[in-house]
1. For the chain, what does -39500 (n - 2.57) per DSSP helix run (n ≥ 4), summed and divided by total residues, give at 222 nm, in deg cm²/dmol to the nearest 500?
2. Looking at the chain as a GNM with Cα springs under 10 Å, which of GLY369, GLY69, GLY181 has the largest mean-square fluctuation?
3. Is any helix in the chain, taking whole DSSP H runs, at least 24 angstrom long along its axis by alpha carbon and on average at least 0.0 on the Kyte-Doolittle scale, and which ones?
4. How far apart, in nanometres, would the label points at GLU340 and ASP318 be if each is projected 7 angstrom from Cα along the Cα-to-Cβ direction?
5. What does the charge count near GLN166 come to, summing +1 for each Lys or Arg and -1 for each Asp or Glu among other residues with Cβ under 14 Å from its Cβ?
6. About the Cα centre of the chain, what is the dipole size in debye to 20, counting +1 per Lys and Arg Cβ and -1 per Asp and Glu Cβ, all else neutral?
7. Filter the GluC sites (Glu not before Pro) in the range 305-345 down to the DSSP loop ones having no more than 13 other Cβ atoms within 10 Å, then list what survives.
8. Take every DSSP beta bridge with both residues inside the range 46-293 and express the antiparallel ones as a percent of the total, to the nearest 5.
Amino acid sequence: MNPRLTRLQDYPFQRLNALKQGLTPTQDRPHVALSIGEPQHAPPAAVVAHLADAERLTRDLAVYPATRGRDALREAVSAWLKRRFNASVDPDVEVLPVAGTREALFSFGQAVVGTKANPIVMMPNPFYQIYEGAALLSGAEPYYVNADLTNGYAPDFSSVPDDIWQRVELLYLCSPGNPTGHVLSPTTHRWLIEQAHRFDFVIAADECYSEIYLDETAPPTGLLEQSTALGNTNHRRCVVFHSLSKRSSLPGLRSGFVAGDANILASYFQYRTYEGCALAEHVQTASELAWQDETYVTTNRERYREKFRAVLPILESDFTFAEPTGGFYVWLQTPTGDVEFATALFQDLNITVLPGSFLSREAHGRNPGSGHVRIALVASLDECVDAAERICAWQAHR
């Protein structure tokens, strides 16, 4: 076996399952799952109806899908990027459909790394563990940029010395951040693009939470938007990753896209012709509908806002947290160790949350996830409110 596999750490949910093993939660209250960022809202009705068309499905299942994807899907994505971020991309060479951002973020890292000696893959800390796995299996060293309470949960990229930047081949960004909900500013995006040109590395921007934000008048910016603003209109060294999972509550469809630098995508396309991960024809045609449907997305976003409006005032009476700008997580500070706290919530209240230290690494003398839990507001409004009230009542009597 590839010896690099031994460097992979257990996935956060493997660790969570191991933590819960042997515990017997209270049975007098229903379980509320707030650990996994799996959207539970009903998906767009038009997409469901499209997939339920037996005649179309029969026809589509008889086709080997093209790795580059349907012209109509790439054109729908290109039009969406123009509407949402005012970023122009050529659908023929600057867009590539992928089987969800998780698959693409992982394979992209292995396709990009390999030209510098002692390469580094940089990522925020805490982070989506796919970034780390891609770095390790590509033979690179992960470099963690802490995003903790001391810097308002913003990754402090300005603290990275030049000798580290010189070794960077790939930088993973996540905005809005998972798990913090922090949104990177236009200034930060532009500075990082300039660093990419200065030190010759690629930016992979994970923007799968970009369509869930609390202020309807202030949508999060994106890498291609700021690339365009800088005059980097060919998006050199810039690649973005988007998914229908969060935006359209379609995690089971496994549909997303990569867009940006045409030269990078040309090589990544070649890689993917070997990987064999083309989107099935019926997934592609359903995705075309979803990328053109903003009505559902606006309603979906409001449903998450409703949960935040109901849950945050309850939690703030007993806990400290920074109100997120985007995403659907509450990054809650814990009064005790985060693993101890999560264990107690499950055992005493039958509520599952994710310890923050499972999402981060010890770096630069501290683990920025320690002392936090990630609460995913993906359950129903009533369940989220019930869970918040249980937690606060329990904490008040400890």
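Taken together, the values in this text are just the output of simple stated rules run on the coordinates, not laboratory data. Every value quoted in this text rests on a predicted model; they were computed, and no experiment measured them. Every residue, glycine as well, gets a Cβ built from its backbone with ideal geometry; the counts of neighbours run over all protein chains shown.
1. On the way: 15 runs with 159 residues, N = 398.
That calculation yields -12000 deg cm²/dmol at 222 nm.
2. Among GLY369, GLY69, GLY181, the largest mean-square fluctuation in the Gaussian network model of the chain belongs to GLY69.
3. Working: long enough: 294-315 (31 Å, -0.78).
Length and hydropathy pass: none found.
4. About 1.7 nm, to one decimal.
5. Working: positive: LYS116, ARG167, ARG198; negative: GLU141, ASP162, ASP163, GLU169, ASP200.
Once positives and negatives cancel, what remains is -2.
6. Working: 34 positive and 46 negative charges, 103 e Å.
With only Lys, Arg, Asp and Glu charged at Cβ, the dipole is about 500 debye.
7. Values: sites: GLU306, GLU316, GLU340; in loops: GLU316.
Sites meeting the loop and neighbour criteria: GLU316.
8. Working: 9 of 27 bridges.
Bridges in the range 46-293 that DSSP calls antiparallel: roughly 35 percent.
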